[in-house]
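What follows is a single structure, written as structure tokens, with notes after it.
What follows is calculated from the coordinates using simple rules that are stated; it is not laboratory data. Worth saying up front: this structure is predicted, and the values here are computed from it rather than measured. Cβ atoms come from the backbone with ideal geometry, glycine included; neighbour counts cover every protein chain shown.
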Amino acid sequence: MPSELPPSHVDLLERPLFAHLATIRPDGSPQSSVMWFDWDGSRVRFSHTSTRQKYRNLLADGRVSFHVQDPENAYRTLEVRGRVESMEPDNGAKFYRKLQQRYDSHVPVLDADVRVVIVVKPTSYVAVFGGLTKIETDTLTALLTQLGEGA
């Protein structure tokens, strides 16, 4: 799995798309939630509250995976695997309000006192285009080339 973000999929992190963030529950099963996020070019930031199960999951095990999908091409996706680097209070929900602007949401923030900023450092990326990873695409291309040469 590549440890560098493929240039072909950078836009999926730069755009205000929804991420499906998966954490590990106390019983070892996954928990996935749709989340807003922000990408700064090296880290991903999520907003959450300190009163929910996902926060407790991350305290116990900081491994995460999240998935974003291109809304114009459902077969173009990116999975990011990583580790929680920090979870700090979001004083005054400042970061959450930044996300509200990014996602064009104008809902009142009723839980500002328990908001936290979750910072994730990516460790690997799985970029898919046309339903195939780069390795699968390269393998298929080589096979088709080989078959074409045999014709």
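Some notes on this structure:
- Candidates Glu85, Glu14, Glu136, ranked by Gaussian network fluctuation over the chain, Cα under 10 Å, top entry: Glu136
- Helical mean residue ellipticity (222 nm; -39500 (n - 2.57) per DSSP H run of 4+; nearest 500) of the chain: -7500 deg cm²/dmol
- Selected from Asn57, Asn91, Asn73 as most flexible by GNM, with the chain as the system and alpha-carbon contacts under 10 Å: Asn73
- Equivalent ellipsoid semi-axes - Cα gyration tensor, the chain, angstrom: 35, 17, 12
- Span from the the stretch 78-151 Cα centroid across to the the stretch 1-52 one, whole angstrom: 5 Å
- Total charge dipole magnitude, the stretch 30-145, about the Cα centre, Cβ charges on Lys, Arg, Asp, Glu only, Debye to nearest 20: 300 debye
- Relative contact order for the stretch 11-88, counting Cα pairs under 8 Å that sit 6 or more residues apart, in percent: 31 percent
- Of Ile135, Ile118, Ile24, the residue with the greatest mean-square motion in the GNM of the chain, using alpha carbon springs below 10 Å, is Ile135.
- Net charge of neighbours whose Cβ lies under 14 Å from the Cβ of Asp27, counting Lys and Arg as +1 and Asp and Glu as -1: +1
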